Amino acid sequence: MPPDSPPPQARVIRKYANRRLYDATASRHVTLEDLRRLIAAGERVQVVDDRTGEDLTRAVLLQIISEQEQFGSPVLTVQLLEGIIRFYGNPVQDMLSRYLEQSLGTVMQQQRTVQAQMAQAMEGPLAPLAELTRQNMEMWSRMQASMLSALNPQAGKPAASEVPGQKEPGANDDSAGAPPPPGADQSPK
């Protein structure tokens, strides 16, 4: 397969004469940012001219990179860009392309490995820590409720607003009969 040909399962994006992009898979118009998100999520895209069928994938991908470099956080330093420009027309240009592809592939594989190891660590030895944290939060909530009930016997019972979907018996929407907040002076003056 030639190096510039798209992979077989690429999502087809049609580019119209008015420069609009149409995702044939999702049946909707898309922006360059939408394409960037698709690619970042692992999708492969093939951009074709709607009228001629010409493959425009390289040009659109370069446009996405250019926008990211100009308006986002740049990845390509000036020195790297200068070095790449120096390789154009050089006999080792193909070697640089293969090297960059392999290097990027290695970095992406290492990233996937680290993510998998982190997920495994969260499921394994750190799972008890997550459970302990949950239990501590429950204990803290019970302790708060206990302290509030000691200060105000009405406060120990959850109000209707604190229990989703439940109302206290005889409660209505106005706050006229609501107990005073904890710590409020309840004695008549």
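What follows is calculated from the coordinates using simple rules that are stated; it is not laboratory data. All of these numbers come straight from a predicted model, not from anything done at the bench. Note that each Cβ is placed from the backbone with ideal geometry, even for glycine, and that neighbours are counted across all protein chains shown.
Numbers for the structure displayed
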{"quantity": "Simple label model, 7 Å out from Cα along Cβ direction - residue 18 to residue 113, nm", "calculated": "5.0"}
{"quantity": "Residues residue 120 and residue 51, FRET efficiency given R0 of 45 Å [Cβ-Cβ distance, rounded to 0.05]", "calculated": "0.35"}
{"quantity": "Burial ranking of peptide ranges 26-34, 44-52, 107-115 (average Cβ count within 10 Å, highest at the top)", "calculated": "44-52, 26-34, 107-115"}
{"quantity": "Karplus (6.51, -1.76, 1.60) ³J(HN,Hα), θ = phi - 60°, over segment 53-58, in Hz, Gly and Pro reported as x", "calculated": "x, 4, 7, 10, 4, 4"}
